[in-house]
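The values are calculated or read from the model by the stated rules, or taken from the named source; none is laboratory data. Because the structure is predicted, anything quoted here is derived from the model rather than measured. With ideal geometry, Cβ positions are generated from the backbone for all residues, glycine too; neighbour counts draw on all protein chains shown.
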């Protein structure tokens, strides 16, 4: 099995906030990340596709097509946006990286199947800060 990864970048703001909780509880659980005006990050998204190479091209996935897909379906939706307010697929959800990466998977997994006959989405990794990141395998 071969694993191919594409890295993309976006900037976005979010606020960690549970509307079912009081301000005091949100402040206690989320700390400064519950700031009323949100806060921003320079995110990195790693998209890994697994499979065996197509015997005619040697590719699992055409990386140009993968890059265009990620840009259209994810980056254009979140870059320079407030995740809580501006991103339709995050409406009504807590804008944690854990929730965000699951939503990214729901969008990318079927779309990647359409652009490759030899690979499938294997892993997403979302880096929020140099010390904080999440990974998701669709499980």
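Here are the numbers for this structure:
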| quantity | calculated |
| --- | --- |
| For residue 114: the one exception among (1) assigned to a helix (DSSP H, G or I); (2) out of contact with any strand residue (DSSP E or B) (no Cβ under 7 Å at 6 or more places or on another chain); (3) surrounded by 13 or more Cβ atoms within 10 Å (Cβ to Cβ) | (3) |
| Close pairs (6 angstrom Cβ cut-off, 6 or more residues apart or separate chains): without any contact (Cβ under 8 Å) to a residue 40 or more places away in the chain in region 47-73, surrounded by 11 or more Cβ atoms within 10 Å (Cβ to Cβ) and in a helix (DSSP H, G or I) anywhere | 73/107; 73/111 |
| Cβ-Cβ under 6 Å pairs, at least 6 apart or on other chains, region 90-118 side within 17 Å of residue 49 (Cα to Cα), far side surrounded by fewer than 17 Cβ atoms within 10 Å (Cβ to Cβ) and modelled with pLDDT under 95 | 118/54 |
| In region 1-35, residue farthest from the chain's Cα centre (by Cα) [restricted to those that are exposed (fewer than 12 other Cβ atoms within 10 Å of the Cβ) and not in a loop (DSSP other than H, G, I, E, B)] | 24 |
| Any hit, region 52-62, residues being closer than 18 Å to residue 129 by Cα, assigned to a loop (DSSP other than H, G, I, E, B) and touching a helix residue (DSSP H, G or I) at 6+ places or on another chain (Cβ under 8 Å) | no |
| Residue match in region 71-80 (condition: at pLDDT 95 or above, part of a loop (DSSP other than H, G, I, E, B) and touching a helix residue (DSSP H, G or I) at 6+ places or on another chain (Cβ under 6 Å)) | no |
| Identity of the residue in region 86-103, in a helix (DSSP H, G or I) and touching a helix residue (DSSP H, G or I) at 6+ places or on another chain (Cβ under 6 Å), that ends up surrounded by the most Cβ atoms within 10 Å (Cβ to Cβ) | 90 |
| Enumeration of residues in region 36-60 that are under 19 Å from the mean Cα position of the chain (by Cα), surrounded by 15 or more Cβ atoms within 10 Å (Cβ to Cβ) and either under 24 Å from residue 15 (Cα atoms) or at pLDDT below 95 (or both) | 38, 41, 43, 44, 45, 46 |
| Qualifying positions in region 129-139 - touching a strand residue (DSSP E or B) at 6+ places or on another chain (Cβ under 6 Å) and in a loop (DSSP other than H, G, I, E, B) | 137 |
| Some residue of region 119-128 being surrounded by fewer than 14 Cβ atoms within 10 Å (Cβ to Cβ) and either at negative phi or outside any loop (DSSP other than H, G, I, E, B) (or both) | no |
| Exclusive hit being over 14 Å from residue 15 (Cα atoms) and more than 11 Å from the chain's Cα centre (by Cα), set 65, 81, 106 | 65 |
| Residue ID - farthest from residue 2 (Cα to Cα), chosen from residues in region 74-85 that are touching a residue at least 24 places away in the same chain (Cβ under 8 Å) and exposed (fewer than 15 other Cβ atoms within 10 Å of the Cβ) | 80 |
